[in-house]
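The structure appears below as structure tokens.
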Amino acid sequence: MNRKLLRFLLAAFAFAPAASTIAQTTDYPTQTVRVIVPYAPGGGTDITARIVAEQLSKEWGQSVIIENRPGAASQIGIDFVSKAKPDGYTLLWASSDGLSILPAVKATVPYKIPGSFEFISSFSSYPLVHSVSAKLPITNMKEFLDYAKAHPGQMNYASTGPGGGSHLQAAYIAKELGLDLKHVPYDSGGPASVAVAGGHAEFTEQGPSTVLPYIKAGTLRAIVVSGSKRASALPDVPTIAEAGYPNLTSDLYYGILAPAGTPAAIVQKVRDDVQKVLKSPGMTERLNSLGLEPFGLTGDEFKTFVVNDLNKWTKAAKAIDFRLSGP
């Protein structure tokens, strides 16, 4: 065989896989995209994921389906994506609980933050609402502190379970302010809120979308929000910093990630289109109605935020001497 022809054929065979990859990346998506939500249907993570999936389906002309894989405080679903083929067809929609908080309080998790993922974009943020039973004579943070100190060991706080944001935020408040409070864990924010509304616990730390119905019904009273700014859904409720405790500020978030090694062009396409959804007409109002705020960090900016948040929660967990064991 002619040597020039042989070299040409060898070069062509070597280029073919790369050319195929480039074509697949350029045409993405050419099939159904799965977005893994590591919680059961109906919660804030699931709701926001479905909002975005619906819009991406229209943008791409392909099905974008939500697959709920709950369990182990979101660890199961997150780990599933970390081990998925990095081709852009399995993505993760997660919250701060699984990315920043669980790794801070658990001795080991089967994925690494940030190494197991490509950080595509955050989407929205939310505070925790420090809500007390409306049966209590508490209308502000000072009255809360006075009441707690007058009833040591008698105030129960309801959480979404050990190691979640609602648990750590309340425990950190107790530690920093020298309060003797008792933890009562529930399976999710709904039952925890019902417990406080019914007088079975004194307060809870939950997202606005969870507690708003009870606040409107007059069974819960919002005292402060944990975020760096007031919640649009609760504009008259001060931040915890405004109440005099800026060190207790916490902003939680939702965002989308891909397995590490996903082609950069695919990551960028998903990022651009998620940002397009976030900036679409009416989206801010839709998020605000759920007690959420637009929060569109991208790429390294998003990754840095998550790592810093993980460090913050790690310090909080150490401060209250809290550690989760088990698988």
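The values are calculated or read from the model by the stated rules, or taken from the named source; none is laboratory data. Here the structure is a predicted model, which is why all the values come from computation and not from measurement. Virtual Cβ from ideal backbone geometry, glycine too; neighbours counted across all protein chains shown.
For the criterion of being part of a helix (DSSP H, G or I), in contact with an Asp or Glu (Cβ under 9 Å, 6 or more places away or on another chain), over 30 Å from Leu177 (Cβ atoms) and among the polar types (S, T, N, Q), Thr284 passes. Evaluate segment 133-148: report whether one residue or more is among the β-branched types (Val, Ile, Thr), at pLDDT below 95 and more than 30 Å from Asp27 (Cα to Cα). No, there is no match, as no residue in segment 133-148 is among the β-branched types (Val, Ile, Thr), at pLDDT below 95 and more than 30 Å from Asp27 (Cα to Cα). Scanning segment 242-272 for residues that are assigned to a loop (DSSP other than H, G, I, E, B) and free of Cβ contacts under 8 Å to residues at least 60 places away in the same chain gives Glu242, Thr249. Being in a loop (DSSP other than H, G, I, E, B), among the small types (Gly, Ala, Ser) and within 11 Å of Tyr39 (Cα to Cα) is the filter here; which residues of segment 57-94 pass it? Residue satisfying the conditions is Gly71 alone.
Taking (1) at pLDDT below 95; (2) over 26 Å from Ser280 (Cα atoms); (3) of a type outside the set (Lys, Arg) in turn, Ala84 satisfies each apart from (1).
The set of residues from segment 219-233 being over 18 Å from the mean Cα position of the chain (by Cα) and either assigned by TED's automatic domain parsing to the domain that holds Arg286 or touching a residue at least 24 places away in the same chain (Cβ under 8 Å) (or both) comprises Thr219, Leu220, Arg221, Ala222, Ile223, Val224, Ser232, Ala233. Selection of first residues in segment 280-306 that are closer than 14 Å to Arg230 by Cα and of second residues that are outside any loop (DSSP other than H, G, I, E, B) and among the basic types (Lys, Arg), restricted to Cβ pairs under 9 Å at least 6 apart or on distinct chains, gives the following pairs, ordered by first then second residue: Leu292/Arg286. Glu285 - would you say it is surrounded by fewer than 18 Cβ atoms within 10 Å (Cβ to Cβ) and either more than 21 Å from Pro208 (Cα to Cα) or outside the structural domain of Gly98 (by TED's automatic domain parsing) (or both)? Here the answer is no, as Glu285 does not meet what is asked.
Checking each residue of segment 153-176 against the condition of being of a type in the set (Phe, Trp, Tyr), at pLDDT 95 or above and farther than 17 Å from Ser100 by Cα gives at least one match. Of all the residues in segment 64-96, those that are within 19 Å of Pro162 (Cα to Cα), surrounded by 24 or more Cβ atoms within 10 Å (Cβ to Cβ) and either of a type outside the set (Gly, Ala, Ser) or not assigned by TED's automatic domain parsing to the domain that holds Val307 (or both) number 1. Once segment 104-138 is narrowed to residues that are in contact with a helix residue (DSSP H, G or I) (Cβ under 6 Å, 6 or more places away or on another chain) and surrounded by fewer than 19 Cβ atoms within 10 Å (Cβ to Cβ), the residue that is farthest from Glu293 (Cα to Cα) is Pro110. Look at Val196 and say whether it is outside any strand (DSSP E or B), among the β-branched types (Val, Ile, Thr) and within 20 Å of Leu310 (Cβ to Cβ). Here the answer is no, as Val196 does not meet what is asked. Quick one: count up the residues across segment 199-225 that are at negative phi and either of a type in the set (S, T, N, Q) or outside any strand (DSSP E or B) (or both). Qualifying residue count, segment 199-225: 17. Of all residues in segment 160-193, those that are in a helix (DSSP H, G or I), under 25 Å from Lys149 (Cβ atoms) and not basic (Lys, Arg) total 14.
Looking at the structure I just gave you, is Val306 in a helix (DSSP H, G or I), at pLDDT 95 or above, of a type in the set (A, V, I, L, M, F, W, C) and under 22 Å from Ile113 (Cα atoms)? Judged against the criteria, Val306 is a match. Taking the criterion of being of a type in the set (S, T, N, Q) and touching a residue at least 12 places away in the same chain (Cβ under 8 Å), the residues of segment 71-116 that qualify are Ser74, Gln75, Ser82, Thr90, Ser95, Ser96, Ser100, Ser116.
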